Amino acid sequence: MNLFRAALLATALSLPMSSVAAFAATPADALVVAQNIDDIVALDPAQAYEFTSGEINSNVYDRLIGYEAEDTTVLAPGLATEWTADDAAKTIKFTLRDAKFASGNPVRPEDVVFSFTRVIKLNLTPAFILTQLGWTPENIADMVTVEGNTVIVKYDGDFSSAFVLNVLASRPASIVDEVLVTANAVGDDMGNAWLNTHSAGSGPFVMSDYRPAEIVRLTANENYFRGAPAMKSIIIRHVAEAATQQLLLTSGDVDIAKNLTPDQIESLSTDKIKVETYPQAAVHFLSFNQKDEDLTPPAVWEAARYLVDYDGMTQSFLKGQMETHQAFWPKGFPGSYDETPFTHDVEKAKRILADAGIKTPINVTLDVINASPFTDMAQSLQATFAEAGINFDILPGTGAQVITKYRERTHQAMLLYWGPDFMDPHSNAKAFAYNADNSDENYQATTTWRNAWAVPDAMNKEVTAALAESDQAKRNADYIEIQKQAQESSPIVIMFQAALTIAMAKNVEGYVNGATSDFVYYRLVKKD
């Protein structure tokens, strides 16, 4: 506790003296959050691809359009006041509003061109989201152009403008301040290194301090076009232990605790603390790397689906945090498949392995984030899989360590989660049911490639066809069929859909936590 207060004081010492007193507790114009933030690998929107990174990006950057804090289910104007789409010409024209970046520089159409161009040219982890539109380093200058106060976006692919709009509402489509970023570029990095420790956006906040696995501090942007937020500071403290988060919340040292366990939630006094539950789009899965020959037989995948104690976990330590869900597109969104045909059945799993001639024991390392509830989930899997002769050696690591290993395809088994990159079923279909080039050189930010699963050609073609389907009802039905196939035969065993339960001080109002980390908003927060 004293160390935490000391850290807050250390942060405060960098501020004007008039602000220091406010950090002795949680004043009316500052929100202090306890959260595990060690998953952050990058914060530049051209590179950021982690859950916490998405949350930070959504509070410091704007996009042309987006799902805003007032209603995260409706695509709304952002830096663009209006747009017109021409599906025949595969063109969308966006009219920009009069807005300023936090630096004071005006938001220009040229900033939009620069922002999209740097994503394509840097070609970092999330670039594939924009390259889906047919954009390349060679043609981007022709695909995104300026005409007065209008940005003209062209796309090349068998999909409708509705899909394109969802893509442009995603994280890598964030608009950055070209003047500021260019001034801080080093060599050919287009400001990438600088943007991983600073921000250059027009959103409601500025990232004024970032220390990995320690703190993210956001400061209100007085130039924000919707008006500066009530909270002058958002301080997100890295607190890995749920017990420590609970102690800090109950003692009044933080306003929000984001990673409490169900038991801790139930034990909270309701006098000064309230609990809010937010359905999440993230699905949690167990996957097997197909570079390991012991894990390639489909019988191993099928047996695994009967070795997960779904009810045992969701009715105990995951209670209130997750529900059983066994398909890649989350429940509650058009195109979801909500049937759960698999149950915990060890004898059936043993028969599946025996009938296929699979020799046991199979010894497998299981990488897992060293935090609640992942370690508890791993221990449950370790116990139930051992009953059928599949022995997990649990390898805990920080979020960044686990995710980096996953991207390098050097794991054996992985316990992890996945959230849509944008709110369209193709986002997860491409991640869980498409991989036309499984070569090591062809890096793809998908679960299929990261698990080295060469998806059958027929399934690849079905995913491509669903993307091009113009009839939305038929398109949803196509995605349901793809999910059924992936559910029956895939080395990726989807187990749960997340439900986020967050505890906060009763005087906190206006906190918004949508279905993904990109829909976490602080700009409406007030304290009574």
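The values are calculated or read from the model by the stated rules, or taken from the named source; none is laboratory data. Since the model is a prediction, treat every value here as computed from it, not as a measurement. Ideal geometry is used to build each Cβ from the backbone, glycine not excepted, and the neighbour counts take in all protein chains shown. The accessibility values were calculated without ligands, DNA or RNA, using every heavy atom of the protein model including side chains. Shrake-Rupley method; radii C 1.70, N 1.55, O 1.52, S 1.80 Å.
Quick notes
- The HN-Hα couplings worked out from phi for the stretch 205-219 by the Karplus form 6.51 cos²θ - 1.76 cosθ + 1.60 (θ = phi - 60°) are 10, 10, 7, 9, 7, 9, 10, x, 6, 9, 7, 10, 10, 10, 10 Hz, whole numbers, x standing for Gly and Pro.
- The HN-Hα couplings worked out from phi for the stretch 450-463 by the Karplus form 6.51 cos²θ - 1.76 cosθ + 1.60 (θ = phi - 60°) are 5, 9, 6, 8, 7, 4, x, 4, 4, 5, 4, 5, 5, 5 Hz, whole numbers, x standing for Gly and Pro.
- ³J(HN,Hα), Karplus 6.51/-1.76/1.60, whole Hz, each residue of the stretch 67-83, x for Gly, Pro: 9, 8, 4, 5, 7, 7, 9, 10, 6, 10, x, x, 6, 9, 7, 7, 8
- Highest average packing first - 518-524, 331-337, Cβ atoms within 10 Å: 518-524, 331-337
- MRE, 222 nm, helices only [DSSP H, n ≥ 4, -39500 (n - 2.57), over the chain, to nearest 500]: -8500 deg cm²/dmol
- Cross-link reach list, lysines versus residue 272, counting only Cα pairs under 22 Å and skipping chain neighbours closer than eight places: 258, 506, 526, 527
- 14 Å Cα-Cα reach of residue 350 towards aspartates and glutamates, excluding residues that sit fewer than 8 places from it in its own chain: 302, 387
- Extension gain for residue 266-residue 473 works out to 70.4 nm (0.36 nm per residue, less the C-alpha to C-alpha distance).
- For the stretch 432-528, applying the loop criterion from DSSP together with a ceiling of 11 other beta carbons within 10 Å to the GluC sites (Glu not before Pro) yields 441.
- Packing-based ranking of 269-277, 214-222 yields 214-222, 269-277, ordered from highest to lowest mean Cβ neighbour count within 10 Å.
- Per residue value of the accessible surface for the chain (all protein chains in place, 1.4 Å probe), Å²: 38
- Amide hydrogen proximity for residue 67: with H placed 1.01 Å from N in the peptide plane, the residues at 5 or more positions away or on another chain lying under 5 Å are 76.
- Rounded to the nearest 20, the size of the Cβ-charge dipole of the chain about its Cα centre is 940 debye, with Lys and Arg at +1 and Asp and Glu at -1.
- Fraction of accessible area attributable to carbon and sulfur, the chain (%, probe 1.4 Å): 51
- As a rough guide to protection, the peptides 163-175, 374-386, 299-311, 134-146 ranked by mean Cβ packing within 10 Å, highest first, stand as 163-175, 299-311, 374-386, 134-146.
- Which label in (1) 16, 48, 33, 3, 0; (2) 22, 55, 23, 1; (3) 23, 58, 20, 0 gives the computed P(r) over Cα pairs in 20 Å bins from 0, in percent: (2)
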